[in-house]
Amino acid sequence: MNGGRIIKVSGPLVVAEGMHDAKMYDVVRVGEKRLVGEIIEIRGDKASIQVYEETAGLGPGDPVYTTGEPLSVELGPGLIEAIYDGIQRPLDVIRATAGDRIERGVEAPGLDRTRKWRFEPRARVGDHVGPGDVLGVVSETPVVEHRIMVPYGVEGRVEQIEPCEATVTETIARISTAGGVREISMMSRWPVRRGRPYREKLPPVEPLITGQRIIDTLFPVAKGGTACVPGPFGSGKTIIQHQLARWADADIIVYIGCGERGNEMTEVLMDFPELTDPRTGEPLMKRTVLIANTSDMPVAAREASVYTGITIAEYFRDMGYSVALMADSTSRWAEALREISGRLEEMPGEEGYPAYLGSRVAEFYERAGRVVCLGKDGREGRLTVVGAVSPPGGDLSEPVTQATLRIVKVFWGLDDALAARRHFPAINWLRSYSLYLDRLEEYIKREIAGDWGELRREAMKILQEESELEEIVRLVGVDALSVQDRLTLETAKSLREDFLHQNAYHEVDTYTSLAKQYRMLKAILHFHHAARAALEGGAALNAILELPVRESIARMKYIPETEMQRFDNIERDIKEQVGALGATETGGEEVA
């Protein structure tokens, strides 16, 4: 292991000389404690190293050892249910040996080398296999079948393969290639800064169903799509990320806590093992990988954490799974870029961020997508990326938010005014958007209801009209409005409070299926149409608003998924009660 000597230490940046054989993005070990670092700049024999651990105590003359390998993650059975730091050190293993605080220079492999897994072959001796072909499977958890694939760059004939109990490093197959016989184990390594290859990228056509009504109905994200959640402190970014991680209909969840407060990661660690997956009945951790890089950990390691997470997510995507990745928050990652860029004395861009901030953000989000995976079976994989952004003071014009909005196709803009009114999720329906709407509408029409799109557009129109009418009310008062406009305000209030407002901590309201979302929206708009007809027939607005069915509409969010027939009763009550009111007001002639 060659190396050099430190000549400068500047926070997480270390400059070493004598690095003759070094290459960009090689991993190095710094100092006697062998701290983990990565080369990010080379000038002659001098290398600038980004150190992913606290550099206190390092000084000129200390040794630097090169490994000759880029920063990579270990991929194989044992990833699910794991909790890693930003450079894939298993935190549970470290805690068992070193206590609650991570000691500097501690080393622990990403995958357990001692645990044996039951390998069941899917390929046979004599088969010709290439990159991405499935050699066999391992039941990693009750809900995840881990597919062992032929590594990239290996192609040939299977010489030996059989059922066995093996560790991740033991040979489970031998493949005869043009360069000789290759022994294949269940573990592979992949550089985190390089996206994993695939056969073809396809446009996303299916929604990622999250169970959050404002998202699924108004601003849906596609499986294989990208979304961002920017908002000020206290507006609910982390709760939305937690809700998506809990309820999104993805096969695998990768949750990256990037520079967030430790108590927020603690909530994930405490809740996920106890929460039941609605699709499988097993704990949510049985399909989750957690990467915890909290705000008290070294800043530089935040940069590695997002790449570590998305590489693990791509690995499961390549098995043919639908994967959802939550990054909370990319602003903290960008702060790490700014910190290192400043210490490298690079020319700063806007607000001190590096000039290449936009390209780095784009490289990260571009790794999302719906793809045809490598392998003969033509399986499809989907990787959806949702990134939280924490703009200072909620200023959406700052560089990280703007760089993100140029790339992602869904914008869930959080509003501190909504959060102050305790309206959660605090997604502002007038500022947010989804560019997947047209593409996903066909799927929802086919799977749920043909008039879904019309209902959604009418609901958005009413909410926009409410915003315009509120301006008039502020100027001249509500009495200046017509009864039709006042009804519009009441319907918009019902949409806000009875449909868009959702309690993440209520056992029923925390998740709403698409079918229930449709029935809820339909009931609100059905009442709106019936009430408008009654008004035209001479009914009094106050009498309409005091009907008992209004209470049923307000409480329909708490109807369990198993009791959907109660929506039929609500729609019948709307017709009967509003119709009876219209008949009374018109002297017995019922209003349809």
Antiparallel bridges, percent of DSSP beta bridges restricted to the chain (to nearest 5): 70
Semi-axes of the equivalent ellipsoid for the range 134-241, Cα gyration tensor, largest first, Å: 40, 17, 15
Per principal axis, descending, Cα span of the chain in whole Å: 97, 57, 41
Shape box of the range 405-548 [Cα atoms, principal axes, largest first, Å]: 48, 34, 32
Difference of contour (0.36 nm per residue) and Cα-Cα distance, GLU363 to GLU351: 2.2 nm
Computed [θ] at 222 nm, deg cm²/dmol, the chain (DSSP H ≥ 4; -39,500 (n - 2.57); rounded to nearest 500): -9500 deg cm²/dmol
Inter-site label distance for ILE239 and ARG189 at 7 Å from Cα along Cβ, in nm: 4.4
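For the range 1-65, what is the Kirkwood hydrodynamic radius in Å, using each pair of distinct C-alpha atoms?
Values: mean 1/r = 0.0909 Å⁻¹.
When all Cα pairs of the range 1-65 are included, the Kirkwood radius is 11.0 Å.
Under the rule that an exposed site lies in a DSSP loop and has at most 12 other Cβ atoms within 10 Å, name the longest stretch of the chain with no chymotrypsin sites (Phe, Trp or Tyr not before Pro) of that kind, not counting the sites themselves.
Numbers: sites that count: PHE233, TYR505.
Result for the longest clean stretch: 234-504.
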All lysines inside 19 Å of LYS409 as judged from Cα atoms, apart from same-chain residues fewer than 8 positions distant: LYS201, LYS223, LYS237
Rh (Kirkwood; distinct C-alpha pairs) - the range 359-468, Å: 16.9
Rounded percent of accessible protein surface that carbon and sulfur make up, the chain, 1.4 Å probe: 48
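Given a 1.4 Å probe, how much area per residue of the range 130-217 is accessible, in Å²? Kindly include the intermediate steps, with their values, before the conclusion.
Working: 3680 Å² over 88 residues.
On a per-residue basis, the range 130-217 sits at 42 Å².
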Cα-projected label distance for GLU497 with GLU69, points at 7 Å along beta-carbon direction, nm: 6.1
Mean accessible surface per residue for the range 261-414, computed with a 1.4 Å probe while every protein chain stays in place, in Å²: 33
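Report the extension gain between THR171 and TYR433 in nm, rounded to one decimal, defined as 0.36 nm multiplied by the number of residues separating them, less their alpha carbon distance.
Difference between extended and current length: 89.3 nm.
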Two-site label geometry, ASN542 and ASN2: point separation in nm, points 7 Å out along Cα→Cβ: 9.0
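Note the full-extension length gain between LEU475 and LYS575 as 0.36 nm times their separation in residues minus their Cα-Cα distance, in nm to one decimal.
Values: separation 100, 0.36 × 100 = 36.00 nm, distance 3.58 nm.
Answer, rounded to one decimal: 32.4 nm.
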Nearest-ten-degree value, helix 452-476 long axis tilted from longest Cα axis of the chain: 70
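Given a Förster radius of 60 Å and the C-beta distance between THR97 and GLN464 as r, what FRET efficiency does 1/(1 + (r/R0)^6) yield to the nearest 0.05?
Details: r = 58 Å, r/R0 = 0.97.
It comes out at approximately 0.55.
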Cα convex hull of the range 1-117, projected area averaged across orientations, nm²: 7.7
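Taking the range 390-484, which trypsin sites (Lys or Arg not before Pro) meet the DSSP loop condition and have no more than 15 other C-beta atoms within 10 Å?
Details: sites: ARG406, LYS409, ARG421, ARG422, ARG431, ARG439, LYS445, ARG446, ARG456, ARG457, LYS461, ARG474; in loops: ARG406, LYS409, ARG421, ARG422, ARG431.
Loop-located and lightly packed - ARG406, ARG421, ARG422, ARG431.
The values are calculated or read from the model by the stated rules, or taken from the named source; none is laboratory data. Just so you know, these numbers come straight off a predicted model, no measurement behind them. Cβ atoms come from the backbone with ideal geometry, glycine included; neighbour counts cover every protein chain shown. Ligands, DNA and RNA are excluded from the accessible area calculation, which covers all protein heavy atoms including side chains. Shrake-Rupley method; radii C 1.70, N 1.55, O 1.52, S 1.80 Å.
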